[in-house]
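Every number here is computed from the coordinates shown, using simple stated rules; none is lab data. Only a predicted model underlies this, so the values are computations on that prediction, with no experimental measurement involved. Cβ coordinates were reconstructed from backbone atoms using ideal geometry, including for glycine residues, and neighbour counts include every protein chain displayed.
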Amino acid sequence: MECRVLSIQSHVVRGYVGNKSATFPLQVLGFEVDSINSVQFSNHTGYAHWKGQVLTAEELNVLYEGIKLNQVNRYDYILTGYSRDMSFLGTVVDIIQELKKANPSLVYVCDPVMGDQGAMYVPENLLPVYKEKIVPLADILTPNQFEAELITGRKIKTKEDAVEVMDLLHAMGPETVVLTSTDLPSKHGDQFLVALGSQIIVKPDGTKTSQKICMDIPKVDAVFVGTGDLFAALLLAWTHHHPKDLKAACEKTVSAMHHVIKRTITHANEMAGPGKRPSPAQLELRMIQSKADIENPAIVVEAKVLQKSSH
């Protein structure tokens, strides 16, 4: 069965972020990907210069209308990432609702990109749209700690807090929630960051079971762009292949990410030369070079099951 993804994200001419970060891995893993580019920039905004165009809500609608007129608007998955415009986000909501009507088993994977490290980098008026409209539609949600705190209004100081926040997010709609990064201390020391996941599975008889997992991910001392977009795309792919095993899906996602990042930092350091910090251009993800790792990642990060419970 062919599996088709509609991915609404940013596009860069050079480098890997948004759709450029998500499309190749999904295609390598066997998915058909239809991309709508929310922006078209020369490169990501971490460079000294960038130029480009931003897609308006009206233009998004026109593209979607064309797909609809040809009756090719049946999707198995929708993937969305960074958006900084309220009317654009509103149109995305309308499209998702319509596509879910057309295919009730459609899975919406949402990376609610709003900020990090305690600061929002999108307008604050987007938060209520995420809370009231986007999160309730999402099936799989991949916030970082700050975004999860924004959406639930709860702070995460301990693992117990994190579990509670994931349960609050489940209550809003998504059956799978992964906190992609947190500030929680890792038992392996400060060279690791802690990520957590939670999945609710509805059995055929209507009862629910849930699985909560925790991962200690090795840190790399560099600023990468496009890793969040890659994470959401890989998670989409691996949850498709392991629909009832969040542990396996997360291990493959995080391990593939680790291989891509290691290859990227090694290359960047070689390019920069001894004792020099690599430039944004040198730190662009080594995506193509990592094709084999994306297809079949050697597991380097194992997930611990925190709890399995039946409701």
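Work out the length of the dipole vector of the range 111-188 about its Cα centre, built from +1 on the beta-carbon of each Lys and Arg and -1 on the beta-carbon of each Asp and Glu, and round it to the nearest 20 debye.
160
Rounded to whole Hz and in sequence order, give me ³J(HN,Hα) for the range 290-302 from the Karplus expression 6.51 cos²θ - 1.76 cosθ + 1.60, θ = phi - 60°, writing x for Gly and Pro.
9, 3, 5, 5, 5, 5, 8, x, 5, 6, 10, 10, 9
Taking K and R as +1 and D and E as -1, what net charge do the other residues with C-beta under 12 Å from the C-beta of Phe88 add up to?
Once all neighbours under 12 Å are counted, the net charge is -3.
What does the charge add up to near Pro297, with Lys and Arg as +1, Asp and Glu as -1, over the other residues with Cβ less than 9 Å from its Cβ?
It works out to a net charge of -2.
Amide H of Val33 versus every other amide H placed in the peptide plane: which residues, excluding those fewer than 5 positions away on the same chain, fall under 5 Å?
Placed amide hydrogens put Val5 under 5 Å from Val33.
If you take the alpha carbon radius of gyration of the range 65-221 and divide it by 2.2 N^0.38 Å, what ratio comes out, to two decimals?
1.12
Convex hull over the Cα atoms of the range 6-65, averaged projected area in nm²?
4.3
Please quote Rg/Rh for the range 165-292 to two decimal places, taking the Kirkwood radius as Rh and restricting both calculations to Cα atoms.
That ratio equals 1.04.
With point charges of +1 on the Cβ of Lys and Arg and -1 on the Cβ of Asp and Glu, referenced to the Cα centre of the chain, which listed residue (Val33, Leu63, Pro278) lies farthest in the positive direction of the dipole?
Pro278
Nearest 20 debye, what's the magnitude of the dipole of the chain about its Cα centre given +1 on Lys and Arg Cβ and -1 on Asp and Glu Cβ?
In total the dipole reaches around 500 debye.
Positive end of the charge dipole of the chain (Lys, Arg +1 and Asp, Glu -1 on Cβ, about the Cα centre): tell me which of Gln289, Val163, Gly206 has its Cα farthest that way.
Gln289
Could you work out the percent of alpha carbon pairs in the chain separated by over 38 Å, rounded to a whole number?
9
Report, for the chain, the % of DSSP beta bridges that are antiparallel, rounded to 5.
55
Taking H placed 1.01 Å from N in the peptide plane, check which residues at least 5 places from Tyr108 or on another chain put their amide H under 5 Å from its amide H.
Ile78, Asp139, Ile140
Would you list, by chain and number, the lysines whose Cα falls below 28 Å from the Cα of Lys262, excluding same-chain residues fewer than 8 positions away?
The qualifying lysines are Lys20, Lys159, Lys187, Lys212, Lys219, Lys247, Lys252, Lys276, Lys291, Lys304.
Quick one: check the C-alpha center-to-center distance for the range 105-148 versus the range 249-311, whole angstrom.
23
³J(HN,Hα) across the range 37-50 via Karplus (A = 6.51, B = -1.76, C = 1.60, θ = phi - 60°), whole Hz, x for Gly/Pro?
The phi angles translate into 8, 5, 9, 10, 10, 5, 6, 6, 7, x, 6, 5, 10, 8 Hz.
Binning at 10 Å from 0, report for the range 161-227 what percent of all alpha-carbon pair distances ends up in each bin.
Result returned by the calculation: 19, 41, 28, 10, 2.
Counting each DSSP H run of 4 or more residues in the chain as -39500 (n - 2.57), what helix-only mean residue ellipticity at 222 nm follows after dividing by all residues, to the nearest 500 deg cm²/dmol?
Mean residue ellipticity, 222 nm, calculated: -11500 deg cm²/dmol.
Given H placed on each backbone N at 1.01 Å, which residues far from Asn43 in sequence or on other chains put an amide H within less than 5 Å of it?
Those qualifying (amide H under 5 Å, at least 5 residues apart or on another chain) are Val13, Arg14, Lys51.
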